[in-house]
Amino acid sequence: MKKVILYLILIASILGCNSDAKTSSNVSSLNSPHTVATQDNSQANLPVKAEKIKFKTAGGTDLFSLKQQADGAKLIDGNDKEFARIKTDESGKVKIKNASDKVLGYVITQKGYWKIENAGQDKDLYIFRQENNTDYQLEDAAKKQVYQIKARNNGFEIETPDKKLVYKVKVKEGKASLRDASDKTVFSTKSDLSPIAFTCFGLDVLTREQQAGLAYAVNLAKGQ
């Protein structure tokens, strides 16, 4: 009888040790740096929700949008149809393509100015230049002034070289609006786009694709 009791005690002791080992192993697994790193990496690889910057008419209709991507943005019309792509590389160069992936041109960021180049990158088309801490100007390939962009208390004004007002950019309560000379809203946006980047969409001599590429580059460089 004593042998049976000792045998049962021995079995219980062995089972108890195995249970403790499993518990210890599970706790060790949960606190393992490798396990934590794996969880962190899976979080890092989750897709980031793209922000769409909408530009609306005075009546509230979607005019076009910039849908941000990991390496640039897509330019989308009011019907949600893509018509341009903006891509950036490590050097900060902005490539402008159409929806068929054909290169339309480039925006090159330099200290104090941005160059808009043709698709072959062998010709400067326009230069967007910072004149001082607040004012800018757009020049053509011959460095002749096309527009002056003057800072105002609530935004900017776009003028011709002979001081004729073209557009006003007004910023109020997080909303930037492009207004004509009679102060009527052309379109507006509520976004984190900087006022000077938004002003690029009022440079009528540029195509919409060029405006978007320039705005993206200027916003990326924080207008500097």
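The values are calculated or read from the model by the stated rules, or taken from the named source; none is laboratory data. All of these numbers come straight from a predicted model, not from anything done at the bench. Note: ideal-geometry Cβ built from the backbone for every residue, glycine included; neighbour counts use all protein chains shown.
Details
- Subset of region 83-121 (residues that are part of a loop (DSSP other than H, G, I, E, B) and of a type outside the set (S, T, N, Q)): Asp89, Glu90, Gly92, Lys93, Ala99, Asp101, Lys102, Lys111, Gly112, Ala119, Gly120
- Listed by first and then second residue, the pairs with beta-carbon distance under 8 Å, at least 6 apart or on different chains, first residue in region 89-102 and farther than 15 Å from Gly120 by Cα, second aliphatic (A, V, I, L, M) and in a loop (DSSP other than H, G, I, E, B), are Gly92/Ala221.
- Hits in region 157-215 - residues which are assigned to a loop (DSSP other than H, G, I, E, B), under 24 Å from the mean Cα position of the chain (by Cα) and hydrophobic (A, V, I, L, M, F, W, C): Leu193, Leu203, Val205, Leu206
- Lone qualifier among Lys163, Lys172 - being at positive phi and either outside the structural domain of Ser91 (by TED's automatic domain parsing) or out of contact with any helix residue (DSSP H, G or I) (no Cβ under 8 Å at 6 or more places or on another chain) (or both): Lys163
- Flag: Leu138 does not match the condition of being farther than 15 Å from Thr199 by Cβ, of a type in the set (A, V, I, L, M, F, W, C), part of a strand (DSSP E or B) and touching a residue at least 60 places away in the same chain (Cβ under 8 Å).
- Count - residues of region 124-179 that are modelled with pLDDT of 95 or more, within 21 Å of Ala217 (Cα to Cα) and β-branched (Val, Ile, Thr): 6
- Beta carbons closer than 6 Å, at least 6 apart along the sequence or on distinct chains, pair a first residue in region 208-219 that is free of Cβ contacts under 8 Å to residues at least 40 places away in the same chain with a second that is surrounded by fewer than 24 Cβ atoms within 10 Å (Cβ to Cβ) and of a type in the set (S, T, N, Q) for Asn219/Ser194.
- Unique match (being under 31 Å from the mean Cα position of the chain (by Cα), at pLDDT 50 or above and under 30 Å from Thr185 (Cβ atoms)) among Gly60, Gly92: Gly60
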